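Okay, so here's the structure we're looking at.
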Amino acid sequence: MLLAYLGLAACLLFSSKLREYGPLIWTLSFGIIFTTLGCEWLYAIHEGYGYLALRSICFQVLSLILLLTYVKDESDLLLYAWTTVAASAGANLINFLRLRKYCSWSLTWRFSWQKHLLPIFVLFANALVNLLYVSADVAQLGVMTSDYYVGLYSVASKVTALLKQLLGAVIVVTVPRLACLYGQKGGEFFQKLARQIADLLVTLALPAACALFALGEEVVILTADLDFAPAAGAMKFLGLALVFSLLGWFYMAAVLVPARQEKVALLAISITSVVNICLNFLLIPAFKEAGAALATLLADLVTCLACYFLAKKSARLLPSGKKLASRLLGCLYVTGSCWNLSVEVDGSRKGEIFVQNRQKSLVKWQRLQYNVDIRLN
């Protein structure tokens, strides 16, 4: 934490562009110290997810109330930052005050650096490479194309990222229990629970991916605006990538890391990042935001396969043929239902905008609205 604040101070000192945003950056940096004091990892170890969820909801509601009360226009940017920090700071402060429920704490320098430092750096490098992997698409898209295509890709990626966080909660809440079972040499119980979680992820992720693939354009327009409709192609690819991304995350976080194979996991994610960056250079010039999404799909597929083969020694987690067949049949039903819904929507006025002639229909609608406004006035 101290090194992070020293690095932040150095950046502000030597960068004139960042110095202009000094008050805003220092305000947001309060999240660093409160995240450190909150020790949320301790509550995750003890599987206190009910408390964590209730605490987060309460402080998010408080933050929303403060936002609606005090933030009125763009001049209130600093107030907006404080309302954002208030949610995480308050939640982590409550965590800090409840620490004595699980352990006693005090400042000490008497601990074995050599034992813990290397694994911590490996996990830190893993998180850093993963951040690079996630950010590479937008960065390369911005350099190689324009802000327009970055905006299209951002809309599609935010929707899929939300779904990934939602479905990935299954992984987050089960990692401590899987690590405990693996550490206690409970091979049979570990295998059973890990297989159940893998089956659940496949059951949830496949229909979600099929729904995004079938209703990509409608989802984009519903979550953003009609101007972002061209992002539907990227949405379809990222929807398919969701399945491989979740499975790769599961193999890495729930199998490789508990099995003390952090270095192997780091190697897998590093190779995947290089593959993603290279594919972006090949596909973005030709296909723009859809090329970036296709590169992500192929990179996630590589991650999933690599982590699966690396995790085979610790757990064999492929679903049975019957279960996989039943899930694929369910996906066909979901895809057919979504396409049927899309056809029904296409029969309406909105459907004409979707399918027949988007731009002309939009112009007609704007003219009609303008005439109605004139008549009302």
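Summary table
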{"item": "Of all accessible heavy-atom area on the stretch 149-259, the percent that carbon and sulfur account for (1.4 Å)", "result": "69"}
{"item": "Residue-span extension gain [residue 104 to residue 158] - 0.36 nm each, minus C-alpha spacing", "result": "15.4 nm"}
{"item": "The stretch 49-123 and the stretch 141-200: distance between their alpha carbon centers, rounded to Å", "result": "22"}
{"item": "Label-point separation in nm, residue 113 to residue 226, each point 7 Å along Cα→Cβ", "result": "6.3"}
{"item": "Those trypsin sites (Lys or Arg not before Pro) in the stretch 112-208 that DSSP places in a loop and that have at most 12 other beta carbons within 10 Å", "result": "185"}
{"item": "Trypsin sites (Lys or Arg not before Pro) lying in DSSP loop within the stretch 197-278, provided at most 16 other Cβ fall within 10 Å", "result": "260"}
{"item": "Karplus-derived HN-Hα couplings along the stretch 90-98 (A = 6.51, B = -1.76, C = 1.60, θ = phi - 60°), whole Hz, x at Gly and Pro", "result": "x, 5, 6, 5, 4, 4, 4, 5, 9"}
{"item": "Exceeding the 18 Å Cα-Cα cut-off - candidates 263/312; 164/313; 72/158; 158/236; 164/288; 17/72", "result": "164/313; 72/158; 164/288; 17/72"}
{"item": "Solvent accessible area, Å² - residue 278, 1.4 Å probe, full protein context", "result": "70"}
{"item": "Average Cα contact separation per residue, the stretch 53-209, under 8 Å, 6 or more apart, as relative contact order %", "result": "12"}
{"item": "Note, ³J(HN,Hα) from phi for the stretch 241-253, Karplus 6.51, -1.76, 1.60, rounded to Hz, x at Gly and Pro", "result": "5, 4, 4, 5, 5, 5, 5, x, 4, 5, 4, 6, 7"}
{"item": "Segment residue 121-residue 37, extension gain: residue separation times 0.36 nm, minus the distance between their alpha carbons", "result": "28.2 nm"}
{"item": "Anchor residue 115: aspartates and glutamates whose Cα lies under 16 Å away (excluding residues fewer than 8 positions away in-chain)", "result": "262"}
{"item": "Accessible area (Å², 1.4 Å probe, nearest 10) - residue 203", "result": "60"}
{"item": "Fraction of the pair-distance distribution of the stretch 18-114 above 23 Å, Cα-Cα pairs, percent", "result": "39"}
{"item": "Sparsely packed chymotrypsin sites (Phe, Trp or Tyr not before Pro) within the stretch 25-125, loop by DSSP, other Cβ within 10 Å at most 16", "result": "102, 105, 109, 111"}
{"item": "Gain in span if fully extended, residue 271 to residue 144, counting 0.36 nm per residue against the direct Cα distance", "result": "43.5 nm"}
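The values are calculated or read from the model by the stated rules, or taken from the named source; none is laboratory data. Keep in mind the model is a prediction, meaning the values are calculated, not measured. When we count neighbours, we look across all protein chains shown, and the Cβ atoms used for this are built from the backbone with ideal geometry, even at glycine. These accessible areas exclude ligands, DNA and RNA; they are computed on the full protein's heavy atoms, side chains included. Shrake-Rupley method; radii C 1.70, N 1.55, O 1.52, S 1.80 Å.
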